[in-house]
Each structure stands twice: as structure tokens, then as C-alpha cells.
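The values are calculated or read from the model by the stated rules, or taken from the named source; none is laboratory data. All of these numbers come straight from a predicted model, not from anything done at the bench. Note that we place each Cβ from the backbone using ideal geometry, even for glycine, and neighbour counts take in every protein chain shown.
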Amino acid sequence: MKSEIYKTFILLVIIVTSLTACQDNKSENDKIKEVAEKFAYNYFNYQLEECKDYCTKESEKWISFVASNMDENDVRTLKDDLIITQCIINTPEIYNDTTAFVTCEIDNFYNKDFITGNTKREKLQAKLKLVKKNNKWKVRMEGLPQNEKQNHD
């Protein structure tokens, strides 16, 4: 009898330990930063289809806008180019339970001026807004990311 109780107790400890280990123990900052990193990496490397997983449905029109303004020359350049855009995400600023902002430091961004068609590789600093919907953080684009870095030229 004692053997059965002991086995049951051990089994319960294993189950509780397993369930606890499987829980998402990430902080809100970590969750926000993870989504922002994945979005930024995909967006700024023009992996536009992949970045849709990390933004709100309403933001997809901006992703489509960028995609529709890329021509064959841009696609060829990006495909042949061995330069990968690097993205560093700074500590999130949590505004409230459902809104946060992050600043991204982007290096080697293939920047295309959609008016002139000119392109260049540059550094930029962009601020992303994230919102929490259905307990998941997503980037909300209200326009194309703008360079917020002060230009002292």
C-alpha cells in the first residue's frame, strides 16, 4: 500500500514539474522584443511574406505597398547581394497593457526611394509600435517605418 502511494506521489511530482516547465515564463519585455526582432529582420531584409506573421492584419497593406514597388532589378540585387541587414532591438517601452514601442537600429538597409527609384545601403533608426491582441504582441504599422536618427549633415 505504501509503495502505491509513493509511486502515485512521484508520478504527481513528475506531472506538476512537467506542466510547470512547459509554461511560457517569458517576461512581457522578452515577448515584445522577440516579435519586434522577427518582424524587423524580415521586413528590413525584404522577406515581406514572412513578416506578415508578426504584424496586425491592418498593417499588411503597408507590406503589400512595399512589395508592389519592388521591381525586377531590386529583386535581383537583393537576391545576389550577400549583405544581410542587421537589426538590433532596444529595450521596449511599454505604454500600457496593450501598447508598446521599440526602437530598432538597422545597419545595411537596402533603402529604396519610391518616388525617384534610387536605392542605397544605409543605417537607420526606426520606431515600431506593437499592440497586444488575443494575448499576442504584433507590430502595428501606421505607415512605412521612418528614419528617426538625427541627421547632422
Checklist entry - Here are some residues: Leu19, Leu48, Leu11. Which one is surrounded by 10 or more Cβ atoms within 10 Å (Cβ to Cβ), modelled with pLDDT under 90 and not small (Gly, Ala, Ser)? => result Leu11
Item to check | Answer from Lys38, Lys31 - the residue that is over 24 Å from Lys112 (Cα atoms) and surrounded by 11 or more Cβ atoms within 10 Å (Cβ to Cβ) | outcome: Lys31
Next on the checklist: Take the residues in the range 61-76 that are surrounded by 15 or more Cβ atoms within 10 Å (Cβ to Cβ) and not in a loop (DSSP other than H, G, I, E, B); name whichever of them is modelled with the lowest pLDDT.
Outcome noted: Asp74
